[in-house]
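*Asks:* I have a structure I would like to understand better, so I am pasting it below and will then ask my questions one at a time.
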Amino acid sequence: MKKALIHDWYYINGGAEKVIHSFNKIWDDFDHFALVDFLKEDDRDYILNGKSVNTSFVQNLPTAKSNHRKFLQLFPYAIEQFDLSEYDLVLSSSASIAKGVLTNQNQLHICYCHSPMRYAWDLYHQYLNASSFGIIKRIYAKRTLHKIRMWDVLNSNRVDLFIANSHYIKGRIKKIYNRDAEVIYPPVDVNQFQLQKKKHDYYFTASRMVPYKKIELIVRAFNNLPNKKLIVAGDGPEYKKIKAIAKSNIHLTGFLDTAELKTYMADAKAFVFAAEEDFGIIPVEAQACGTPVIAYNKGGVRETVINRKTGLLFNHQTEKSIIDAISEFETLELDPVTIRQNAMRFSKERFEKEIGDYVNEQHKNFIAHKKSLHQSY
């Protein structure tokens, strides 16, 4: 069985790339495809076992390395140029464009869907409002995203089977594509995080500082809690803006290496999370340390945090809602051992068994179905 694995793009080692890492642990004979590949060599060794990636023409466009997303209007054409006709199994890892690859009736195409492309659907208005586009660029962006949405719905029919990374994303797949999906939660390397029962007197949050992560909102809430210490880890476009508004009870660390991040997370009295995420790996990592999570009650976090048992969920993305949640949280007594046990439900080992069993079983069924069709002629 010849197998192809197609991913949207490779440029960082994020949550989606951890899924790719696990795919490569289960099956070590994939040929790899993506729009672009700008991985550092140490990340390539981890994610792809050092293997090379077949890339599209977007790889060679000027400034693609610094900002490949500016070529969004070319992505549908680019993904359709990959010739995967020689492969028996095509596995796509898609939060954007990868599921649009062309396959035929003799191939099984299974898509692990991290999300339908958010900037074209649920984040469309937020994306436009956060952009500093002039009138002409704004009109062009709207037209491009309109065409992308039509293409996105059309190419959902190219997928034989969808796997969603959460029940939340299963619902979005049904809403946008009118397709059913199996739910298999993504891998979290929970064993890399140690249980810490004794907590220090500070709250912690960590993220790339971009608007939808809502780090500014968390900082503004803690500006109104001068007796509560908040440590903020991460860097990104909004770093300077957030640092400028943070009061003395808030410390911004900037980028942290993995060891430092684990220490801050394990020692924190709670991890604060205000984004609406498709799944959200970092709240699970916090719970693996025995650290409770105070999170916005929407998205995948509703499936990973047990309210008032492993954390506390608040209902609105507002300063007041976060402040009230902090106040309520401090009345709770949560058990770090129970919190860690909850995180273990999302382990890498669990993911690799579930996804391996599912894909192998579906491919076996696909082959059997083809044989029965052949015998009926």
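The values are calculated or read from the model by the stated rules, or taken from the named source; none is laboratory data. Computed from a prediction, not measured in an experiment: that's the story for all the values here. Because the Cβ atoms are built from the backbone with ideal geometry, glycine has one as well, and the counts that use them run over all protein chains shown.
*Asks:* If ALA246 satisfies every condition in (1) touching a residue at least 60 places away in the same chain (Cβ under 8 Å); (2) farther than 30 Å from CYS113 by Cα but one, which is the exception?
*Replies:* Checking ALA246 against (1) touching a residue at least 60 places away in the same chain (Cβ under 8 Å); (2) farther than 30 Å from CYS113 by Cα, the one that fails is (1).
*Asks:* Next question. Within the group LYS240, LYS197, which residue is over 25 Å from PHE314 (Cα atoms), of a type in the set (D, E, K, R) and either under 19 Å from the mean Cα position of the chain (by Cα) or not assigned by TED's automatic domain parsing to the domain that holds PHE366 (or both)?
*Replies:* Numbers: LYS197 fails: over 25 Å from PHE314 (Cα atoms).
Answer to the check: LYS240.
*Asks:* Quick check on SER22: is it among the small types (Gly, Ala, Ser), in the same structural domain as TRP121 (by TED's automatic domain parsing), at pLDDT 95 or above and part of a strand (DSSP E or B)?
*Replies:* no
*Asks:* Turning to a different aspect of this structure: For segment 159-192, name all the residues that are buried (at least 18 other Cβ atoms within 10 Å of the Cβ), more than 16 Å from the chain's Cα centre (by Cα) and part of a helix (DSSP H, G or I).
*Replies:* ILE176, TYR177, VAL190
*Asks:* Moving on. Conditions: (1) β-branched (Val, Ile, Thr); (2) under 20 Å from the mean Cα position of the chain (by Cα); (3) more than 30 Å from LYS170 (Cα to Cα). VAL293 meets all but one. Number of the miss?
*Replies:* Tallying (1) β-branched (Val, Ile, Thr); (2) under 20 Å from the mean Cα position of the chain (by Cα); (3) more than 30 Å from LYS170 (Cα to Cα), VAL293 fails exactly one: (3).
*Asks:* Also, quick follow-up: Keeping to segment 11-41, report how many residues are of a type in the set (Phe, Trp, Tyr), in contact with a Lys or Arg (Cβ under 8 Å, 6 or more places away or on another chain) and farther than 17 Å from ARG208 by Cβ.
*Replies:* 2
*Asks:* All but one of (1) assigned to a helix (DSSP H, G or I); (2) farther than 24 Å from ARG143 by Cβ hold for SER92; state the number of the condition that does not hold.
*Replies:* (1)
*Asks:* Only one residue in PHE329, PHE255 is among the aromatic types (Phe, Trp, Tyr), surrounded by 15 or more Cβ atoms within 10 Å (Cβ to Cβ) and either at pLDDT below 95 or not assigned by TED's automatic domain parsing to the domain that holds SER96 (or both). Which one?
*Replies:* PHE329
*Asks:* To continue, here is another question. Return a yes/no flag: does segment 303-317 have any residue that is under 24 Å from ILE169 (Cβ atoms), assigned to a helix (DSSP H, G or I) and either outside the structural domain of VAL272 (by TED's automatic domain parsing) or in contact (Cβ under 8 Å) with a residue 24 or more places away in the chain (or both).
*Replies:* Taking every residue of segment 303-317 in turn, at least one turns out to be under 24 Å from ILE169 (Cβ atoms), assigned to a helix (DSSP H, G or I) and either outside the structural domain of VAL272 (by TED's automatic domain parsing) or in contact (Cβ under 8 Å) with a residue 24 or more places away in the chain (or both).
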